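The block underneath contains the structure these notes are about, expressed in structure tokens.
The values are calculated or read from the model by the stated rules, or taken from the named source; none is laboratory data. Owing to the predicted nature of the structure, the values given are computational and were not obtained by experimental measurement. All Cβ positions, glycine included, derive from the backbone under ideal geometry; neighbour counts span all protein chains shown.
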Amino acid sequence: MGGLTSALNIGKTSLLTSQKTIEVTGNNIANVNTPGYSRQIPILSSYPTVQINGQSFGTGVKIDQVMRNHDTFLQRQLGERSATAGEADARSMPLTQVEQVISISESSIAGEISRFFDSWQELSTDPSNSALRNQVLQRAQTLSGNFNSTIRELSSAQEDINVTLESKVEAVNFKLKEIATLNQRIASLETKGQGALSDRDRRDQLVTELSSSLGVSYFEGDNGMVSLQLPGGHTLVQDSTAMSLETQRVDGNVQFSLRAPSGGSVALIPGNFGGEFRGLMSVRDSHIPGVVADLDKLAYNLLNEVNTLHQSGSGLDGVSGRDFFTPLAVEAGAASQIAVGLTQGNQLAAGTGSAAGDNRNALNLAALSSKKVIGGTETFTGFYANLASRVGIDVQQNSLTQMGSQDSLLQLQNRRDSSAGVSLEEEMINLIMFQKGFEASAKLLSTVDEMMDSLLSLKR
Amino acid sequence: MKVTNMNTYRTLLSQMDRTSSELNQSRITSATGKRLTKASDDPTSVRPAMLARERIQGADGFLRTMASGLSRLDVQDTNLGQAENLLIRASELVVMSGNGAYSAADRLSMADELKNLRESMLVVANSQVDGKYAFAGYAENTQPFSANPAYNPPVDSRPMLYGGDQGSVKLEISPGEQVAVNIDGQSLFLGDADGDGNPDPGKVDIFALLARVEEGLRSNDQAGVSAELDNLKTALEQVSGFRSQVGNTASRLETSRDAMADVQVDLKELLSSYEDADLAETLTKMMQQEQALQAAMSVTSRISKMSILDYL
């Protein structure tokens, strides 16, 4: 009788285990599209054998634990790659915006400069013509307006970046808090000997997202909690404590500081960040100011060269020594402030003297367009063309980096999925396997049942 | 290596994204005909393309300048031709007056004609183009020749005074190349290039000459009038010298204009090589990309049809 009961017991463990394995498989199938989900596998083992009359007999099967397919190496790589991809992605939008502003079309600043000098050339053919004189003034106004609006668009691109940074902070802080909470949960579940598989999946996913936005590095302690750091070494999450990012506006630009729950706060510099934040801030702090400085240099040189020549000539009204553009003392900010100082066509110094037909100064001014006046090596158009081509190279390089890092990120995600992801085919085959196991256990039970029946019918 | 569903869809999606964005770029390229619409399309072409465009625009300016210079020279050529004709007629009258068959009364009417010639010469000298005096130098709003109130032959033999200046109106016809397109009225009509108020050696004051001839005819001074014939020849040479200078300048402008137009064509070709798309290449590329996209789509539909579930 003991034999049959233990056979029933074996059947019971088999039936329960098969049911559990089907549940695990079902859970895998259910999460086939869950991002960051790691495929779970039931680890089966047999119950200890019992010794009867010196022989060992098995006593059934049990699930030791449910594990997740996980590759720490790939997960780390995924984090690092996400940081690179995040940085390139984040730079792409504002860089494109800068490229659009530094246009290479005929309506670009370079085109306006050419048209401005062309109008002087045209004036030289008929220096007393008031229509041509007004045309010079209008072209100059369009040109200085173009400088001013280009600078405005560049600073609005900077402002867009600031707003983007501010809007991202809230999500980052939320994720930091969630990781701290997950740390706490995972540690407490695992010390009780329970698995925290989906919590770990969720935490891995959050860490990857933060790598993409902040370029965080992390390590896992013995207690199963992860610590998160910025590339600059500042701790973001320590065990179950999360710091939070705060923003302040300094001179219009967003600056960050890190606040501990205890209340202390540390100021962060852009170099402390990685990922999207670094990408955005590098465009805001180095790229755009570089372009603005070049435009200032162009505007300042143009303004001074034109003014110097213009002062040496005389207007139709006989007044000489006038500035054409409102003079500026320093180069910084020249592009945003450049403005035409003259208001009347007859104030234009087309001639060296005030005679109506004197066109000598107009000729000199028209010739400025082909003079290498910037640093003695570049014409105005050449200088602008260099600037535009540098901006183009930056955009091109960034888009190559972006494409490359997206490719390798895709490869890594595929590699991760092929070890840790859910394949429907695999799950289906496992399902069949576990179903057959379940059917066989049921058959075993019914066989034992029949055997018991035959045994009990002996007494009748 | 295990291929999960996510792998397949992720790869397909990224591939389709990329192909369709490339296809979109090709469509823009073939629709605009430009392969260089923003700096990142080809950063190395930006500088040569912009410089070429500037030079094309500059060439337009030079062509306009040359056209205006040429029309100016045309008008001057006509004026100088008329001055020549007036002097030739004056010479004819002087030669005729030497004929003994003419009486003093005939010479008086010749003197009247000569007076008309002198007045016509003044009209030529004060001629205007677009309301501006042609022979006044830079002082184009000032009438260059006006009667000398102190005119009194032996003491002050200048019937006309020059009110313009000696400005030489130059136009730039190619980078760094300037040509003078006006004639200094003082040296043309008064033979006074240095502006000291008296004719330079070997030159004549045409108005004073005509006045002397007229006076000679009126006073029936045959010998005096004939003596002026050489001076009239000099005056004619003085005018034709300037006229041939105008002709030379005009032909130089025409040569430069043709050269500039040629250069402009070359520059346009150069610019086109930097910024225009090769349409055949673009269209071929576009067709390739369309095929790639179609292939990717048909693969996607096949994947969704194929499932292990159908076989279980």
Determine which single condition A:T49 fails, assuming it passes every other condition in (1) more than 11 Å from chain B (Cβ to nearest Cβ); (2) in contact (Cβ under 8 Å) with a residue 40 or more places away in the chain; (3) touching a strand residue (DSSP E or B) at 6+ places or on another chain (Cβ under 7 Å). (2)
Can you pull out every residue in the range B:38-57 that is without any contact (Cβ under 8 Å) to a residue 12 or more places away in the chain and over 17 Å from A:L387 (Cβ atoms)? B:Q57
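Can you name the strands (runs of 3 or more DSSP E) wholly within the range A:3-86 that have at least 2 residues being of a type in the set (G, A, S)?
Working: elements: A:40-46, A:50-52, A:55-57, A:61-68.
Output list reads A:40-46.
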Would you check if there is a residue in the range A:60-75 being within 42 Å of the chain's Cα centre (by Cα) and more than 20 Å from A:G195 (Cα to Cα)? yes
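Restricted to the range B:103-146, and to residues that are of a type in the set (D, E, K, R), more than 14 Å from chain A (Cβ to nearest Cβ) and in contact with an Asp or Glu (Cβ under 7 Å, 6 or more places away or on another chain), which residue is farthest from B:I206 (Cα to Cα)? Reasoning before the result, please.
At the first step, the residues of the range B:103-146 found to be of a type in the set (D, E, K, R) are B:106-107, B:112-113, B:115, B:118-119, B:130, B:132, B:140.
Going one step further and asking which of them are more than 14 Å from chain A (Cβ to nearest Cβ), we end up with B:106-107, B:112-113, B:115, B:118-119.
Next cut, in contact with an Asp or Glu (Cβ under 7 Å, 6 or more places away or on another chain) only: B:115, B:118.
On the way: B:K115: 13, B:R118: 9 Å.
For the range B:103-146, the residue satisfying everything is B:K115.
May I ask you to list the residues in the range A:2-18 that are exposed (fewer than 14 other Cβ atoms within 10 Å of the Cβ) and either touching a residue at least 12 places away in the same chain (Cβ under 8 Å) or within 29 Å of A:R416 (Cβ to Cβ) (or both)? Outline the logic, then answer.
We begin by selecting, within the range A:2-18, every residue exposed (fewer than 14 other Cβ atoms within 10 Å of the Cβ); these are A:2-5.
Selection gives A:L4 alone.
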The condition from (1) surrounded by fewer than 15 Cβ atoms within 10 Å (Cβ to Cβ); (2) more than 14 Å from chain A (Cβ to nearest Cβ); (3) among the aliphatic types (A, V, I, L, M); (4) part of a helix (DSSP H, G or I) that B:A67 misses is numbered (2)
For a quick check of your reading of the model, give me the residue pairs whose first member lies in the range A:237-259 and is farther than 18 Å from A:T164 by Cβ, whose second is assigned to a strand (DSSP E or B) and acidic (D, E), with beta-carbon atoms closer than 9 Å and at least 6 apart or on different chains. A:S257/A:E246; A:L258/A:E246; A:R259/A:E246
Going residue by residue through the range B:44-60, is there one that turns out to be within 11 Å of chain A (Cβ to nearest Cβ) and surrounded by fewer than 16 Cβ atoms within 10 Å (Cβ to Cβ)? yes
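Which residues, taken from the range A:328-346, are in a loop (DSSP other than H, G, I, E, B) and under 36 Å from the mean Cα position of the chain (by Cα)? Before the answer, list the steps.
First, the residues of the range A:328-346 that are in a loop (DSSP other than H, G, I, E, B): A:328-333, A:338-339, A:341-344.
Within the range A:328-346, A:E331, A:A332, A:G333, A:I338 qualify.
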Residue in the range A:194-209 that is at pLDDT below 95, assigned to a loop (DSSP other than H, G, I, E, B) and surrounded by fewer than 18 Cβ atoms within 10 Å (Cβ to Cβ) present: yes
Could you list, in sequence order, the residues of the range B:24-43 that are part of a helix (DSSP H, G or I) and either in contact with a strand residue (DSSP E or B) (Cβ under 7 Å, 6 or more places away or on another chain) or within 7 Å of chain A (Cβ to nearest Cβ) (or both)? B:A39, B:S40, B:P43
The correct count of residues that are within 58 Å of the chain's Cα centre (by Cα) and of a type in the set (A, V, I, L, M, F, W, C) in the range B:275-306 is 8
Looking at the range A:100-125, which of its residues are surrounded by 21 or more Cβ atoms within 10 Å (Cβ to Cβ), not in a helix (DSSP H, G or I) and not aliphatic (A, V, I, L, M)? A:S108
Does the range B:14-24 contain at least one residue that is polar (S, T, N, Q), modelled with pLDDT under 90 and buried (at least 16 other Cβ atoms within 10 Å of the Cβ)? yes
Of all residues in the range B:294-312, how many are closer than 17 Å to B:S14 by Cα and within 12 Å of chain A (Cβ to nearest Cβ)? 1
Which pairs do you get when a residue that is away from chain B (no Cβ under 14 Å), found in the range A:120-147, comes within reach of a residue that is aliphatic (A, V, I, L, M) and part of a loop (DSSP other than H, G, I, E, B), reach meaning Cβ atoms under 6 angstrom, with the pair 6+ apart or on two chains? A:R133/A:L348; A:S144/A:I338; A:S144/A:A339; A:F147/A:I338
Selection within the range A:283-324 - more than 30 Å from B:N141 (Cβ to Cβ) and of a type in the set (F, W, Y): A:Y300
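Does B:N79 satisfy the criteria of being closer than 23 Å to B:M160 by Cα and more than 14 Å from chain A (Cβ to nearest Cβ)?
Working: closer than 23 Å to B:M160 by Cα: yes; more than 14 Å from chain A (Cβ to nearest Cβ): yes.
Spelling it out, B:N79 is indeed closer than 23 Å to B:M160 by Cα and more than 14 Å from chain A (Cβ to nearest Cβ).
Could you check how many residues of the range B:1-22 are of a type in the set (S, T, N, Q) and within 7 Å of chain A (Cβ to nearest Cβ)?
Of the range B:1-22, the ones of a type in the set (S, T, N, Q) are B:4-5, B:7-8, B:11, B:14-15, B:19-21.
Within this subset, residues satisfying the condition of being within 7 Å of chain A (Cβ to nearest Cβ) are B:4-5, B:7, B:11, B:14.
Looking only at that region, the number is 5.
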With the condition kept exactly as written, say whether any residue in the range B:185-205 is surrounded by fewer than 21 Cβ atoms within 10 Å (Cβ to Cβ), within 14 Å of another protein chain (Cβ to nearest Cβ), farther than 20 Å from B:G98 by Cα and without any contact (Cβ under 8 Å) to a residue 60 or more places away in the chain. no
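Given the criteria farther than 23 Å from A:S6 by Cβ and surrounded by fewer than 17 Cβ atoms within 10 Å (Cβ to Cβ), does A:M403 qualify?
Values: farther than 23 Å from A:S6 by Cβ: yes; surrounded by fewer than 17 Cβ atoms within 10 Å (Cβ to Cβ): yes.
Taking the combined requirement at face value, the residue satisfies it.
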List the number of the failed condition for A:G111; all other conditions in (1) on the phi < 0 side of the Ramachandran plot; (2) away from chain B (no Cβ under 11 Å); (3) not hydrophobic (A, V, I, L, M, F, W, C) hold. (2)
Count, please, the residues in the range B:90-105 that happen to be surrounded by 15 or more Cβ atoms within 10 Å (Cβ to Cβ) and touching a residue at least 24 places away in the same chain (Cβ under 8 Å). 5
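Name the residues in the range B:253-312 that are among the β-branched types (V, I, T) and within 26 Å of B:N7 (Cβ to Cβ), would you?
Step one: filter the range B:253-312 for residues among the β-branched types (V, I, T), giving B:255, B:263, B:265, B:282, B:284, B:299-300, B:303, B:308.
Within the range B:253-312, B:V299, B:T300, B:I303, B:I308 meet the criteria.
Looking only at the range B:159-178, how many residues end up being of a type outside the set (G, A, S) and at the interface with another protein chain (Cβ under 10 Å from one of its Cβ atoms)?
Within the range B:159-178, the subset of a type outside the set (G, A, S) is B:159-162, B:165-166, B:169-173, B:175, B:177-178.
Of the ones still in play, those that are also at the interface with another protein chain (Cβ under 10 Å from one of its Cβ atoms) are B:165, B:169-172, B:175, B:178.
Total satisfying the criteria: 7.
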The range B:141-170, residues that are within 30 Å of A:S314 (Cβ to Cβ) and touching a residue at least 24 places away in the same chain (Cβ under 8 Å): B:P144, B:F145, B:M160, B:Y162, B:G163, B:G164, B:D165, B:Q166, B:G167, B:S168, B:V169
What pairs come out if I take residues in the range A:91-111 that are without any contact (Cβ under 8 Å) to a residue 60 or more places away in the chain and pair them with residues that are part of a loop (DSSP other than H, G, I, E, B) and polar (S, T, N, Q) whose C-beta lies under 9 Å away, six or more apart or interchain? A:S105/B:T37; A:G111/A:S103; A:G111/A:S105
Which residues, counting only those in the range A:161-178, are of a type outside the set (K, R) and crowded, with 16+ Cβ neighbours inside 10 Å? A:I161, A:N162, A:T164, A:L165, A:V169, A:V172, A:N173, A:L176
